[in-house]
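Encoded as structure tokens, the structure appears first; notes follow it.
The values are calculated or read from the model by the stated rules, or taken from the named source; none is laboratory data. As the structure is a computational prediction, the values presented were derived from the model and not from experiment. Counting neighbours? That spans all protein chains shown, and the Cβs are built from the backbone with ideal geometry, glycine included.
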There are 2 protein chains.
Amino acid sequence: MGQRIVFPRAPRIIAASTVAGTKECEGIVGRYVETALSDDMFGESTYEKAECKMLSHVIDGAIANAGLRREQIDVIISGDLLNQIISASFAARDFSVPFLGVYGACSTMAESLALAAALIDGGYVRRAVAATGSHFASAERQYRYPLELGCTRPPQSQWTVTGAGASLVAAQGDGIRITSATLGKVVDFGITDVNNMGAAMAPAAADTILTHFRETGEEADAYDLIVTGDLGALGSRILKDLTWEKGLDIGEHHVDCGEIVYNVLEDEFQGGSGAGCSAVVLNSYLRTKMLAGEFRRILFVATGALLSTVSSGQGESIPCIAHAVTLER
Amino acid sequence: MGQRIVFPRAPRIIAASTVAGTKECEGIVGRYVETALSDDMFGESTYEKAECKMLSHVIDGAIANAGLRREQIDVIISGDLLNQIISASFAARDFSVPFLGVYGACSTMAESLALAAALIDGGYVRRAVAATGSHFASAERQYRYPLELGCTRPPQSQWTVTGAGASLVAAQGDGIRITSATLGKVVDFGITDVNNMGAAMAPAAADTILTHFRETGEEADAYDLIVTGDLGALGSRILKDLTWEKGLDIGEHHVDCGEIVYNVLEDEFQGGSGAGCSAVVLNSYLRTKMLAGEFRRILFVATGALLSTVSSGQGESIPCIAHAVTLER
């Protein structure tokens, strides 16, 4: 048995919902996002509460967009970047629905989609919501420095996306089909620079993508797009080098959510990151294009850096992971 | 569809492994644990690295006890209490095996067992390791105060177990069968005292247990034991009150891992807690007794408090969750 699991009944994403911050909505996401925030605090008193509210908002939004009620949902699978995934746990408190908390850092959208698809394909639940999100200000103060310090950001850094996305996965209905998932291994290339997530995560993305193509026997052009989560500009370049070295040319088909989410402005440097990055891009822009028939087959590969401030403070390098999900229309 | 999912092919726990600290081995666990530590640092330089090594040790131990090699394992499902579940992520780095990170605080043993059983029962993987652990010293300094401060512990507090446990779940082989899982909802009764986890978690345990018995139509005596994770003495009493009020008398069948893990000494007050508490008790004491035929049917209900220091600092109460797994011999 390899790393790829196949879903013969192809559970489908019958509805989705997204919310994004002011800066995010200036970019490509702005035209496709469901709720565009005019205030990144979302009416809350703290960044963390705003992040939690975004998650709750998109979970509710996906359920409403499917024309369902909360009690018709069998499980919510969610996680986020904050310590003890408080955004997801506190968002789940608003719903009287079974909850499975997951942690895969920025790979959470793919991990939660894969688990939702498995639980539905296996017949254990009928409808599941997979959701994640992130907030620039809560991530900065937890992982780096509080914004109030006004620290200078180095050129290899990325900007955590303020936003959240939810997919409602069901056994039946019209939507994007989830046909397989390739579960990733933890890969650590010894990167210790906590500002260089792209370089840390690219080897994990390469490992999962190479495994996926080796196990399927497909060529890169079997997909309209091979979408990574938030490698950013530098990480994307490293990924293309790493896969090319192993004989897989993904160049023409590859796009990174972090690279496309913002207009190219100097202060984001390598682009976007955060669990919300791929969650928003997948559930707004990519979903719209897939439903319009523009993209018919996507390999969605969300990547996560599994560090904490404690592990970095104790001199550890950054272990990373990437999970891939095949989406078909 | 209710909250309970049934596994018709009954995946089984074909092997397990446990490790526990010096204080823990003075209690009931000491006679059944596989690796009894003589030094809670486990030869490492920090508490966090010791916690990670314990997890890695039991994952490897479970694989070895099953007579398997690492490459025969299809997925490791694990999480822990530390920020960004670094113990699990860094432990998974030692294995070239797909990894799914989960976060359910002290409910992790039940959540990871339920997911492992679903992935195996559905035919997606053949063998999965479900594992979790905790360390008294890393938990104290992350959630409360560093030990060096010598803070006084209040009488409603519990003592985080230093230990880890792993279950190897497989589609075939001899072992304890996992026949169903009842996935819990997030329940918040408004408790804000971070030293009173038992009171915070008891309503979540009651909710899941009442749901389980309502959906199965069983009586409490259908089980030899109804085992909760780490409610402690006070939490267990609250649980029995809450379920009794709703017409379910679990009194004779209920036992709490936190209540039995230590000898009754004054400094632990309500007993043990932590993700490692139920993981160690299940995979050592309970497993041995089940394999010996002493207990034939157990409802294993691990409970988790989904707070963080940030959520508590922002005035939030403590949302909790409990997942139940039916184990049969």
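Side notes on the structure shown:
- In the range A:21-52, the residues that are free of Cβ contacts under 8 Å to residues at least 60 places away in the same chain and under 22 Å from A:LEU113 (Cβ atoms): A:THR35, A:CYS52
- Some residue of the range B:197-209 being farther than 27 Å from B:ALA117 by Cβ and not aliphatic (A, V, I, L, M): yes
- The residues listed here are B:ALA20, B:ALA36, B:ALA10, B:ALA16; of these, the one that is at positive phi and aliphatic (A, V, I, L, M) is B:ALA10.
- Qualifying residue in the range B:126-136 (condition: closer than 22 Å to B:ALA171 by Cα, of a type in the set (Val, Ile, Thr) and under 19 Å from the mean Cα position of the chain (by Cα)): yes
- Residue in the range A:141-160 that is away from chain B (no Cβ under 14 Å), among the hydrophobic types (A, V, I, L, M, F, W, C) and under 25 Å from B:GLU111 (Cβ atoms) present: no
- Close pairs (8 angstrom Cβ cut-off, 6 or more residues apart or separate chains): closer than 21 Å to B:ARG69 by Cα and more than 9 Å from chain B (Cβ to nearest Cβ) in the range A:1-18, among the charged types (D, E, K, R) and surrounded by fewer than 24 Cβ atoms within 10 Å (Cβ to Cβ) anywhere: A:ARG4/A:GLU215
- Residue count for the range B:92-134 under the criterion of being facing another protein chain (nearest Cβ under 9 Å) and of a type in the set (A, V, I, L, M, F, W, C): the result is 12.
- Taken over the range A:50-72, residues that are within 10 Å of chain B (Cβ to nearest Cβ) and surrounded by 23 or more Cβ atoms within 10 Å (Cβ to Cβ) amount to 1.
- Flag for B:THR243 being touching a helix residue (DSSP H, G or I) at 6+ places or on another chain (Cβ under 8 Å), surrounded by 24 or more Cβ atoms within 10 Å (Cβ to Cβ) and polar (S, T, N, Q): no
- Checked against (1) among the hydrophobic types (A, V, I, L, M, F, W, C); (2) in contact with a helix residue (DSSP H, G or I) (Cβ under 8 Å, 6 or more places away or on another chain); (3) closer than 21 Å to B:LEU115 by Cβ, B:ALA233 passes all but a single condition, namely (3).
- Test for A:SER157: is it small (Gly, Ala, Ser), in the same structural domain as A:GLY30 (by TED's automatic domain parsing), assigned to a loop (DSSP other than H, G, I, E, B) and touching a Gly at 6+ places or on another chain (Cβ under 9 Å): yes
- Scope the range B:188-205; condition more than 10 Å from B:LEU231 (Cβ to Cβ) and among the hydrophobic types (A, V, I, L, M, F, W, C); matching residues: B:PHE189, B:ILE191, B:VAL194
- Entirely in the range B:234-329, the helices (runs of 4 or more DSSP H) that have 2 or more residues that are closer than 21 Å to B:GLY163 by Cβ: B:257-260, B:275-281, B:287-291
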